[in-house]
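The values are calculated or read from the model by the stated rules, or taken from the named source; none is laboratory data. As the structure is a prediction and not an experimental result, all values here were calculated from the model. Here the Cβ positions follow ideal geometry from the backbone for every residue, glycine too, while neighbour counts run over all protein chains shown. Note: accessible area is taken over every heavy atom of the protein model, side chains too, but ligands, DNA and RNA are not part of it. Shrake-Rupley method; radii C 1.70, N 1.55, O 1.52, S 1.80 Å.
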Amino acid sequence: MRLQPHILQLTALATVLAVSCVKTQILPDGARDRQAITFTTAVGPQGTKAVIEGNVFSEDYSFATLAWWLEEGNWDSDRSNAQLYIPLGTVVSYDKDLKCWTTGTPYYWPSRGSLTFFSFHPHDMNDVEFDMTDGLVIRNRDIAGKSDQQKDIMVAEAAKDRTANSAPEADGNPTDYTGVPTIFHHTLSRLTGFSIRTDDDYSAANDSSGTKFNLTLNRIMIKDVFVKGSYRSGVDPPNTGTWYDFSVPADYVWYDDNYDDAFVIGYHDSTDEAAVPGGHIRITGESDSYAGSVLIMPQRFNDPDHSGNHSACIEVTYTVTYVFPDGKTESRQMVRTMRLADIHKDQDASWPVGKDISYHLTIGIDKITWQPSVEDRVEEIHGIGGWLT
């Protein structure tokens, strides 16, 4: 059941003291001083260069937060009694003049009780809600369009039962800032590449007649995967969350010789496997193309509740050209497929949350073997300070 929050009205102060990024603002409040709330963040590598490069939360971007207040008890057992303290969608952004992260409205630590924080990026997403069981809920997210392909959604771990800003070096925060530790996790994954080799040297004579073979790649496509769904973070760390309620299957075309340069497959040693260029990656139904990598929606390929992607597969189309000793040639096109549920059997037949995924293909005259590579995006720590008056 979703809690109907009661908003705590903050008392306007006649005098507001100045505060810097690294110092705590102290205001008189009877039994206990009140401190301005600040934030520090840990950010993993971002999914697309259009948003965040590398591991640093760019000063050109913002995130949104909310906080719940409990007068007594703790979040895990007593959150049904929590009251909303900082509204959903409150934006934290960087002030380049003050060299600090700030909001338009200052918020202060309450004189009693504790606060629990939830944050997400990008801050301007539509259809974001909060539920006391599901945590942050993002409904009906479509990642096929260009604007959404440039936004790698990140959700922070719940910062539970906080009563003051964390000191520098605490909670994995190697900075001079104090604040609420805000540790983001990627909710989408990325398709980062294909590499390919042959199971034999087909450029040499392969039989007693002296016939040679040339293999040319025509297309690599990932078919029938979902690009629209909803997400829930949960309310407990690490809040990697889950995607659900999927719809709109689509195809990702990684390589197509109608758009990309000709690619001759002539590598028969694993150390010589070649990266298939992803210069014009396309999602069916969309007019835009992408280079280098694309965002994909984590999903299970054998989920009984969502049968629409049970046929999800990788399809490889290539041409075998027979070169006979007399110089004549004959070509035939080969199409090979394999279900993603089988390729990813070691990952619970799924694309997991927050991973970089690439595929290594071994191709031959009669068969293809498949080997996925699923890697974590290594997190690094970058501290930022925040809430100013």
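List of remarks:
- Sole residue being open to solvent by 20 Å² or more (accessible area, probe 1.4 Å) and either outside any loop (DSSP other than H, G, I, E, B) or hydrophobic (A, V, I, L, M, F, W, C) (or both), chosen from Tyr94, Tyr85: Tyr94
- Residue within the stretch 179-188 that is at pLDDT 85 or above, in contact with a strand residue (DSSP E or B) (Cβ under 9 Å, 6 or more places away or on another chain), hydroxyl-bearing (Ser, Thr, Tyr) and assigned to a loop (DSSP other than H, G, I, E, B) present: yes
- Single unsatisfied condition, Pro106 versus (1) over 28 Å from Met297 (Cα atoms); (2) modelled with pLDDT under 90; (3) assigned to a strand (DSSP E or B); (4) not hydroxyl-bearing (Ser, Thr, Tyr): (3)
- Cβ-Cβ under 6 Å pairs, at least 6 apart or on other chains, the stretch 199-228 side acidic (Asp, Glu), far side modelled with pLDDT under 90 and in a strand (DSSP E or B): Asp199/Thr362
- Positions within the stretch 253-274 being in a loop (DSSP other than H, G, I, E, B) and open to solvent by 70 Å² or more (accessible area, probe 1.4 Å), in sequence order: Asn258, Tyr259, Asp261, Ala262, Tyr267, His268
- Every residue from the stretch 220-255 that is of a type in the set (Asp, Glu) and farther than 24 Å from Gly193 by Cα: Asp236, Asp245
- Residues in the stretch 237-249 that are open to solvent by 10 Å² or more (accessible area, probe 1.4 Å) and either in a loop (DSSP other than H, G, I, E, B) or within 12 Å of Arg282 (Cα to Cα) (or both): Pro237, Pro238, Thr240, Gly241.
- Boolean, Asp342 is touching a strand residue (DSSP E or B) at 6+ places or on another chain (Cβ under 9 Å), outside any strand (DSSP E or B) and either open to solvent by 70 Å² or more (accessible area, probe 1.4 Å) or more than 15 Å from Trp243 (Cα to Cα) (or both): yes
- Looking only at the stretch 345-389, and only at residues there that are within 16 Å of His186 (Cβ to Cβ), surrounded by fewer than 16 Cβ atoms within 10 Å (Cβ to Cβ) and of a type in the set (Asp, Glu), the one that is modelled with the lowest pLDDT: Glu380
- Among the residues making up the stretch 264-274, those that are touching a residue at least 60 places away in the same chain (Cβ under 8 Å) and touching a Leu at 6+ places or on another chain (Cβ under 8 Å) are Ile265, Gly266.
- Some residue of the stretch 190-212 being of a type in the set (Gly, Ala, Ser), farther than 19 Å from Tyr290 by Cβ and modelled with pLDDT of 85 or more: no
- Residue in the stretch 205-219 that is crowded, with 16+ Cβ neighbours inside 10 Å and in contact with a Leu (Cβ under 9 Å, 6 or more places away or on another chain) present: no
- Only one of Arg112, Arg141 that is touching a Lys or Arg at 6+ places or on another chain (Cβ under 8 Å), assigned to a loop (DSSP other than H, G, I, E, B) and in contact (Cβ under 8 Å) with a residue 24 or more places away in the chain: Arg112
Each row is one residue, and each column tells you yes or no for (1) within 21 Å of the chain's Cα centre (by Cα); (2) buried (at least 19 other Cβ atoms within 10 Å of the Cβ); (3) within 30 Å of Lys228 (Cα to Cα).
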residue: Asp76; (1), (2), (3): no, no, no
residue: Ser114; (1), (2), (3): no, yes, no
residue: Pro122; (1), (2), (3): yes, no, yes
residue: Asp131; (1), (2), (3): no, no, yes
residue: Asn140; (1), (2), (3): yes, no, yes
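- Some residue of the stretch 164-178 being part of a strand (DSSP E or B), open to solvent by 10 Å² or more (accessible area, probe 1.4 Å) and at pLDDT 80 or above: no
- Residues of the stretch 335-374 classified as among the small types (Gly, Ala, Ser) and touching a residue at least 60 places away in the same chain (Cβ under 8 Å), total: 3
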